[in-house]
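See structure below.
Derivation of every value follows stated rules applied to the coordinates shown; laboratory data play no part. Just so you know, these numbers come straight off a predicted model, no measurement behind them. Note: ideal-geometry Cβ built from the backbone for every residue, glycine included; neighbour counts use all protein chains shown.
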């Protein structure tokens, strides 16, 4: 299966250097302008999956995609108390939990949020199910955390730990070949084609 992933359009929180405020946060007007210049040949895909978070739904809508499947397993990690805060604010208010978060460890969970391990488990569940469904080409409108896991599963880096997240740019395309449990990187954070 060939899996193309597009990270959602930039949000006001992204632009302000904050963790996204909520699952209902919209994309920024600047992202809408960019989306109107892009072309996605949705007819080339056997299935299109979209995270149920508003920023992904709006990205799919502005790309002109139709007949997608909402897929909660490819939603971003639940950020709990970090939502809407800058990294500096997280460090000041939640020092120890934020230190653990920055080490990309599997556990513990973010207070009132989700652990990296739990996020990985649901992404892998979706990936295995989708890979075994006999689909040739799949498109997913998703988030940086999901793309990070796919990148790491492809053998680029250990699945947890390290010093950075491999999220790719907003509105960029990352491509993988998936024959579960094998994942191979085909392209990372590439510019989408204009109309």
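A few points about this structure:
- Each part reduced to its alpha carbon centroid, the range 8-46 and the range 65-103 end up 17 Å apart.
- Exposure proxy ranking, count of Cβ atoms within 10 Å, fewest first, for 59, 69: 69, 59
- Modelled spin-label separation between residue 169 and residue 193, with each label point placed 7 Å from Cα along the Cα-to-Cβ direction: 1.8 nm.
- Going by neighbour counts of Cβ atoms within 10 Å, the residues 11, 92 line up, fewest first, as 92, 11.
- Average Cα contact separation per residue, the range 95-195, under 8 Å, 6 or more apart, as relative contact order %: 22 percent
- Relative contact order %, the chain, counting alpha carbon pairs below 8 Å whose residues are six or more apart: 31 percent
- Ranked 146, 178, 32, 10, criterion: other C-beta atoms within 10 Å, fewest first: 32, 10, 178, 146
- Helix-only mean residue ellipticity at 222 nm for the chain, each DSSP H run of n ≥ 4 adding -39500 (n - 2.57), per residue, nearest 500: -8500 deg cm²/dmol
- Residue among 13, 30, 22 with the largest mean-square fluctuation in a Gaussian network model of the chain, springs linking Cα atoms under 10 Å: 30
- Zone residues, the range 147-167, relative to residue 182, backbone N less than 19 Å from point 7 Å out along Cα-to-Cβ: 150-157
- Label-to-label distance, nm, for residues given as residue 23 and residue 159 (7 Å Cα→Cβ offset): 2.4 nm
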